[in-house]
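Input: a single structure, listed below in C-alpha cells.
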Amino acid sequence: MSDANLSDRPSATDPVPVDVTPEPYDITPGFGFDDDPEEERSGPPSRRRLIALGAALLVGVAGAAVLGTLGWRVAQEKDATLATPDQVAGLTLDGSDRARTTADYLRNGFLADIEVDQSIAAVYADPARPERSVLLFGGTTLMWQPEQDLDRLFKLVADDSGRIDELRGLPAGELGGVLKCGTSHQGDALTVCGWADHGSVALAMFPGRTADEAAPLMLQIRSEVQTRD
C-alpha cells in the first residue's frame, strides 16, 4: 500500500474546526441566560403600583359609601303621603268657591310640569289676619333628584308671577330633604317656600309674611300634612 497520501489525511491530534458566529451574544441584563421573567413577575409590587392600587380602593370604598347612604335615604323617604286637614299650624282650610278655584288652578299648573302619583292643593286661612292666607300645593312620587324638582316648581311660580329673588336653602327639619324660600316680585312682595325629598315635593305661597316668618310656618305645615309609611 502506498504511503504517498498519508500526509494529506488529518491527524487525530489536529484541532477540530469551530464555527464562530459573526453576531456577538447579548449579555445585557434581562437578555442573558440568568434572566427569569417568572421570577421578575412574582417579585413584590413597586411602590407606585401600591399607591395606585390603594387610591383605587379608596375611591371604590367612598363610592360604595355614597351609594349606600343614598339608597338608605331613598328607602326612608320614598313612601310619603300628603293630606289637607281642616286645621294645620293654626290655620283653617278655606272651603269657599273662590279658594277651591284657586286651589284647582294651582294643582293644574303643578301637574302640567311634574308627574306625581298623588297631588294636593288647598288654601288655608289665617283666622287672625284673613289677608295672610297660605296657598299650598304639591304631590308625592319617587324622586331621585328632589332639589332639581323643587327648583322646577320655583321656576313654574316665577313664570306665572315674575322672578323669585333671594332664593336660599334653609334647614329642612326632622323630615329631611331640601327646604328653600324666596321672594316673588309682582305687585306686592310674596314669600314662596317649598320642600322636597325622595317621596314628595310641595310649594306654599305666604302673602304678607317675610321669609323669616314663612320658613318656620312651612316646617310646621309640612310636619302636619306629610306622613310616611
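The peptide list 165-175, 115-125, 131-141, put in order of mean Cβ contacts within 10 Å with the highest first, becomes 131-141, 115-125, 165-175. Ranking of ASP113, ASP197 by solvent-accessible surface, largest first: ASP113, ASP197 (1.4 Å probe, protein heavy atoms only, all chains present).
Scanning residues 5 or more positions from ASP79 or on other chains, those with amide H under 5 Å from its amide H are ASP229, with H placed 1.01 Å from N in the peptide plane. The apolar share of the surface of segment 115-170, taken as the fraction of accessible area on carbon and sulfur atoms (1.4 Å probe, ligands and nucleic acids excluded), comes to 47 percent. Please report the net charge: other residues with Cβ closer than 13 Å to the Cβ of GLU224, K and R +1, D and E -1. For residues surrounding GLU224, the net value is -1.
Backbone geometry of segment 215-229 corresponds, through the Karplus equation with coefficients 6.51, -1.76 and 1.60 at θ = phi - 60°, to 3J(HN,Hα) couplings of 4, x, 5, 4, 4, 5, 4, 4, 4, 9, 9, 10, 10, 10, 6 Hz, x marking Gly and Pro. In 5 Å bins starting at zero, report the fraction of Cα pairs in segment 89-229 per bin as a rounded %. Pairs per bin, as whole percents: 2, 10, 22, 25, 23, 14, 4, 0, 0. In a fully extended conformation the segment linking ALA83 and TYR105 would gain 6.1 nm over its present Cα-Cα distance, using 0.36 nm per residue.
Remark: segment 143-229 carries 46 Å² of accessible area per residue (probe radius 1.4 Å; ligands, DNA and RNA excluded).
The values are calculated or read from the model by the stated rules, or taken from the named source; none is laboratory data. What you see is a predicted model; the values in this text were computed from it and never measured. Counting neighbours? That spans all protein chains shown, and the Cβs are built from the backbone with ideal geometry, glycine included. Heavy atoms of the whole protein, side chains included, go into the accessibility calculation; ligands, DNA and RNA do not. Shrake-Rupley method; radii C 1.70, N 1.55, O 1.52, S 1.80 Å.
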